Amino acid sequence: ADVSSMSEQELGELKENQTAVSSGLMGAFKEQGLDSAKIDESTGTVQMDNNVLFALDKSKLTDEGKAYLDQFLAAYVPVISSAIEDGKVSTIVVEGYTDSAGDEVYNLKLSEERAKTVADYIKAGYPELTNAIEVVGNGANNLILDGEGKEDAAASRRVEVRYVLKTE
């Protein structure tokens, strides 16, 4: 459903669901000792550090990346699975990004491969989520900027996991 056609009550319920899921995730991250995991409460997006997950210019998970994902997923999956069962969340979107170095087509492919690698890792450990996961490669779109407005290449190379609220 289109949010613009929703009633005030429906929008209110959607906002309550957003707050409940985000709060649940923040509590779970804290319990797992994942103080570095930050969630954007307005979008449901959690940003992961590619420098931990992948070697530069690679899409194969590092051992450190697997360990981080194991810890992250131990916090993330119970909250999201419950929200899917309760009809609050419809989809988990795994999005990959790169910095601006390199060719646009190459960056798009690398970002998609990284997102797919993380999605496949989630599916392997939590097969019940397989149908809820979507993969998106964004290349060098949505670069992270530093305080001076210049590209922060290391921060721009990332994978984000975002939940999508169910609107129907």
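Protection proxy ranking, highest mean first, for peptides 83-91, 123-131: 83-91, 123-131, where packing is the per-residue count of other beta-carbon atoms within 10 Å, averaged.
Bridge orientation summary for the chain: considering DSSP beta bridges with both residues in this region, about 75 percent are antiparallel.
D for the stretch 1-121, whole µm²/s, Stokes-Einstein with Kirkwood Rh over alpha-carbon pairs at 25 °C and 0.890 mPa s: what number? The estimated diffusion coefficient comes to 153 µm²/s.
Taking the Cα atoms only, what angle lies between the long axis of helix 8-31 and the longest principal axis of the chain, rounded to 10 degrees? Approximately 50 degrees, to the nearest 10. Where does helix 104-125 land angle-wise versus the long Cα axis of the chain, in degrees 0 to 90, nearest 10? Taking Cα atoms only, the helix is inclined about 50 degrees. Accessible area ranking (1.4 Å probe, heavy atoms, ligands and nucleic acids excluded), largest first, for 6, 26, 48: 26, 6, 48.
Volume per residue of the convex hull around the Cα atoms, evaluated for the stretch 102-168, comes out as 122 Å³.
Note the direction-averaged projected area, equal to a quarter of the hull surface, for the Cα convex hull of the stretch 1-62, in nm². Hull-based average projected area comes out at 6.1 nm².
Just the C-alpha atoms of the stretch 54-168: what Rg/Rh do they give, with Rh taken as the Kirkwood radius? Intermediate values should be presented prior to the final figure.
Values: Rg = 15.0 Å, Rh = 14.9 Å.
For the stretch 54-168, the value is 1.00.
Here's the list of lysines a cross-link from residue 88 could span, going by alpha-carbon distance under 23 Å and ignoring same-chain residues fewer than 8 apart: 15, 30, 38, 123, 166. Accessible surface of residue 40, taken over heavy atoms with a 1.4 Å probe and every protein chain present, rounds to 70 Å².
In the chain, the DSSP-assigned H stretches of four residues or longer account for a calculated mean residue ellipticity at 222 nm of -15000 deg cm²/dmol, using -39500 (n - 2.57) per stretch and the full residue count as denominator. For the chain, the longest principal axis of the C-alpha atoms and the axis of helix 63-85 are separated by about 20°.
The values are calculated or read from the model by the stated rules, or taken from the named source; none is laboratory data. What you are looking at is a predicted structure, and each value in this text was computed from that prediction instead of being measured. Using ideal geometry, Cβ is built from the backbone for each residue, glycine included, and neighbour counts are taken over all protein chains shown. Protein only, heavy atoms only, side chains kept; ligands, DNA and RNA dropped before computing areas. Shrake-Rupley method; radii C 1.70, N 1.55, O 1.52, S 1.80 Å.
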